[in-house]
Amino acid sequence: MSFLECRDLVKTFADGTRAVQGIDLRCGEGEFAVLLGPSGCGKTTTLRMVAGLEKPTAGQIVLGGADITDCSPAERDVGFAFQFYALYPHLKVEDNIGFPLESMGLNRQERRQRVADIVERLGLGALVGRYPRQLSGGDQQRVALARAMVRRPQIYLMDEPLGTLDAGLRLEMREMIRAQQLDAGIATLYVTHDQEEAMSLADQVVVMDEGRIRQSGAAALVYDQPADLFVAHFIGSPSMNFITGEIREDCFVAPGLVWPLAEPVRPGPATLGVRPEFVRPDAKGQLRAEVVRDEYQGACRYIHLQAECGRLVMRVADRGREAVGASLGLDFARVLLFDPVSGKRL
Amino acid sequence: MSWLQLKGVTRRFGKAEVLSGIDLSLEGDEMLVVLGPTGAGKTTLLRIVAGLDAPDTGQIEMDGEEVTHWSPAERDIAFVFQHFALYPDWSVRRNLEFPLKAPRQQLASGEIDQRVGWAAELLKIERLLDRSAARLSGGEMQRVAIGQAIVRRPRLFLFDEPLTNLDAKLRESLRLELALLRQELGIPAIYVTHDQAEALSMGDSIAVLAEGRILQQGSPEAIYRQPVSPVVARQLGQPAINILSVQRRGDAWIGPNEAERMPALSGTGEMLLGVRPEDIAPEGGRVPGVVRVVEDAGAAWILWVDWAGASIHIIASKERRFAPGETVHPRIDAERALLWPR
């Protein structure tokens with residue numbers, strides 16, 4: 001039983017822009033769903049329709065069993081956090097955070113307790129007595145998040161709430177959001193363009209492009225079994241390697257590479273995809289490539305390579321620097337095949 | 001002696017000391033990344049190197065000459081900003097020509113055409129040359145802004161978080177392109193960022209800046225593997241390094257895992273032990289821990305584990321699966337662990 005359900009949701013703006021072109025979305029009770037995609041894919045418009053800030057051109061939104069398609073934002077029991085925060089300048093941090101509780105009929109003691117809980121959870125203890133103007137941008141954003149999460153609405157809606165924060169703080173806040181959401185067990189719909197953020201937070205990743213859903217499912221599904229080239233490219237950092245070639249006599253054939261296939265695939269043009277962690281150095285490997293750059297990442301290295309069939313990147317554990325210009329033999333541990341015309345996985 | 005040197009650079013705004021005794025060095029073929037959070041003083045530092053601001057004390061030397069009081073033009077430095085400023089009504093070509101038409105440059109028009117063509121080819125924006133800047137995407141605008149910096153062939157590049165406002169995916173590909181491009185040009189650069197992945201990936205050398213002070217400068221490997229303090233250690237790595245209290249007992253350090261003895265190092269009493277998430281195996285130790293969250297990082301799992309009274313992160317191989325609530329037996333790779341005084 002879905003908790004939030006969007007049925008064939010469409011949004012066409014007055015200028016004719018078809019921002020959302022038929023979205024079917026289901027989010028279970030307590031589930032963390034992330035709408036992921038590049039700028040302009042329709043993810044924010046979808047979220048704003050669920051919040052009641054945009055009226056759908058067509059389709060239906062059901063929350064907790066009730067059709068809320070025509071409800072005003074105030075009639076929907078949602079907690080909303082934006083990328084650009086708006087705090088009340090005349091209220092101290094604790095009063096800003098407690099503000100959404102005012103109209104809820106809680107007594108003073110209960111309100112204070114709720115504020116104290118979220119303040120502790122988000123590590124804002126030192127800030128409670130200050131005014132917004134006395135806070136850095138990052139701290140203001142943390143206060144805005146606390147205000148969004150102090151209530152226990154039916155669903156949290158978050159639009160890139162970490163977008164403006166420093167990388168380090170973003171990671172910290174990401175964990176705090178996840179921990180708070182898990183504890184409260186409140187369904188969440190979260191928008192981001194950062195695939196790594198999406199993968200780490202989501203029970204369900206919804207990959208969007210040009211107003212449509214390309215694929216949705218657990219992080220492991222969209223990562224290991226991407227439905228098409230778009231998803232395969234968008235999910236994963238560094239991106240999956242793609243080699244253009246063709247299927248001939250149960251082999252994938254490209255310049256400098258003849259890769260035997262485990263299962264027969266229909267002959268014709270094909271694109272072979274291989275994740276950087278499945279490219280392995282192998283002195284006996286048939287594919288030869290030259291090191292273009294060694295990119296250090298602490299826990300691992302990304303070795304950028306030039307092969308006859310194109311540019312490749314390999315992810316390896318850190319065992320020292322590879323010399324630029326060195327020649328390596330390569331093997332692939334796991335590959336995927338795509339139809340280069342439709343983009344679908346074969 | 002290094003090509004660029006900052007010696008004891010200090011800058012105050014009113015009572016606040018924004019930069020305190022900064023010593024930095026940069027070789028003539030290097031990219032130096034200054035890594036620090038918002039408010040650390042990164043932009044002030046770049047402005048002082050550029051000559052847009054002057055230090056209260058200290059000096060700056062370029063290629064053996066003291067330049068502390070030289071004007072920006074005399075220093076011949078190109079600056080690329082986070083918020084790029086292109087002329088929106090001009091074509092990309094005119095935007096690229098602009099820095100070459102300054103009176104100081106005195107270039108023949110053939111030379112200008114040649115340089116613009118060269119930069120456009122390097123940055124793969126040849127097909128955009130006649131488009132107006134207002135019609136470019138964010139990534140294309142940043143390429144043109146970088147183009148404006150390189151056409152001049154300056155003595156030094158300064159980059160102030162140039163990729164911050166771009167999509168994550170675009171940032172990843174541009175950081176590689178930018179590093180390769182700079183390498184090819186052989187012009188030194190200072191690049192400031194708050195993004196540790198960018199710093200590790202692009203820097204020949206990294207300087208960690210916090211509250212106006214350089215906490216450590218060294219190769220990415222040195223900063224990541226031998227950070228001088230927990231503060232530096234936390235600046236790099238994702239997820240962040242695990243920091244645990246340990247006790248000296250007899251000739252060894254006893255970790256949170258009582259059964260495991262850390263290598264004996266100098267120091268007494270209570271210390272802080274730092275261990276990176278990739279240097280803890282989920283199994284092999286004796287003290288049990290409970291998996292709280294399993295994050296999918298694509299190439300690996302990130303486990304949040306409650307263990308020996310602490311909450312730790314472990315990067316675990318995808319060769320096996322984990323479930324929340326599962327019991328594991330973490331084991332620290334003592335060879336790779338770090339110790340600091342408490």
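The values are calculated or read from the model by the stated rules, or taken from the named source; none is laboratory data. Computed from a predicted structure; not experimentally measured. In this analysis, Cβ positions are derived from the backbone assuming ideal geometry, glycine residues included, and neighbour counts consider all displayed protein chains.
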Which members of the range A:228-256 meet the condition of being within 15 Å of residue A:334 (Cα to Cα) and either surrounded by fewer than 15 Cβ atoms within 10 Å (Cβ to Cβ) or more than 14 Å from every other protein chain (Cβ to nearest Cβ) (or both)? A:243, A:251, A:252
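Do we have residue A:161 as more than 10 Å from chain B (Cβ to nearest Cβ), closer than 18 Å to residue B:164 by Cα, in contact (Cβ under 8 Å) with a residue 24 or more places away in the chain and part of a loop (DSSP other than H, G, I, E, B) here? Break it down stepwise before answering.
Details: more than 10 Å from chain B (Cβ to nearest Cβ): yes; closer than 18 Å to residue B:164 by Cα: yes; in contact (Cβ under 8 Å) with a residue 24 or more places away in the chain: yes; part of a loop (DSSP other than H, G, I, E, B): yes.
Spelling it out, residue A:161 is indeed more than 10 Å from chain B (Cβ to nearest Cβ), closer than 18 Å to residue B:164 by Cα, in contact (Cβ under 8 Å) with a residue 24 or more places away in the chain and part of a loop (DSSP other than H, G, I, E, B).
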Looking only at residues in the range B:267-325 that are under 27 Å from residue A:278 (Cβ atoms) and of a type in the set (Lys, Arg), which one is nearest to the other protein chains (Cβ to nearest Cβ)? B:276
Of everything in the range A:301-317 that's surrounded by fewer than 18 Cβ atoms within 10 Å (Cβ to Cβ) and farther than 18 Å from residue A:271 by Cα, which residue is nearest to the other protein chains (Cβ to nearest Cβ)? A:317
Tell me yes or no: at least one residue of the range B:148-160 is surrounded by fewer than 21 Cβ atoms within 10 Å (Cβ to Cβ), within 14 Å of another protein chain (Cβ to nearest Cβ), free of Cβ contacts under 8 Å to residues at least 60 places away in the same chain and among the charged types (D, E, K, R). no
Answer yes if at least one residue in the range B:17-26 is polar (S, T, N, Q), part of a strand (DSSP E or B) and over 11 Å from residue B:209 (Cβ atoms), and no otherwise. yes
Taking the condition of being surrounded by 18 or more Cβ atoms within 10 Å (Cβ to Cβ), more than 14 Å from chain A (Cβ to nearest Cβ) and without any contact (Cβ under 8 Å) to a residue 60 or more places away in the chain, how many residues in the range B:216-247 meet it? 1
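Does residue A:130 count as away from chain B (no Cβ under 14 Å) and charged (D, E, K, R)? Explain how you work it out, then say what you get.
Numbers: away from chain B (no Cβ under 14 Å): yes; charged (D, E, K, R): yes.
Considered against the rule, which asks whether it is away from chain B (no Cβ under 14 Å) and charged (D, E, K, R), residue A:130 comes out as yes.
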Residues that are away from chain A (no Cβ under 14 Å) and surrounded by fewer than 18 Cβ atoms within 10 Å (Cβ to Cβ), drawn from the range B:35-57: B:47, B:50, B:52, B:53, B:54, B:56, B:57
For the range A:96-113, name all the residues that are within 15 Å of residue A:152 (Cα to Cα), within 29 Å of the chain's Cα centre (by Cα) and either at pLDDT 90 or above or within 14 Å of chain B (Cβ to nearest Cβ) (or both). A:97
Is it fair to say residue A:128 is more than 29 Å from the chain's Cα centre (by Cα), of a type in the set (A, V, I, L, M, F, W, C) and closer than 16 Å to residue A:148 by Cβ? no
Looking only at the range A:249-259, decide whether some residue is farther than 30 Å from residue A:66 by Cα and aromatic (Phe, Trp, Tyr). yes
Counting only strands (runs of 3 or more DSSP E) wholly inside the range A:195-261, the ones holding at least 2 residues that are in contact with a Ser or Thr (Cβ under 8 Å, 6 or more places away or on another chain) and at pLDDT 95 or above are A:204-209, A:241-248
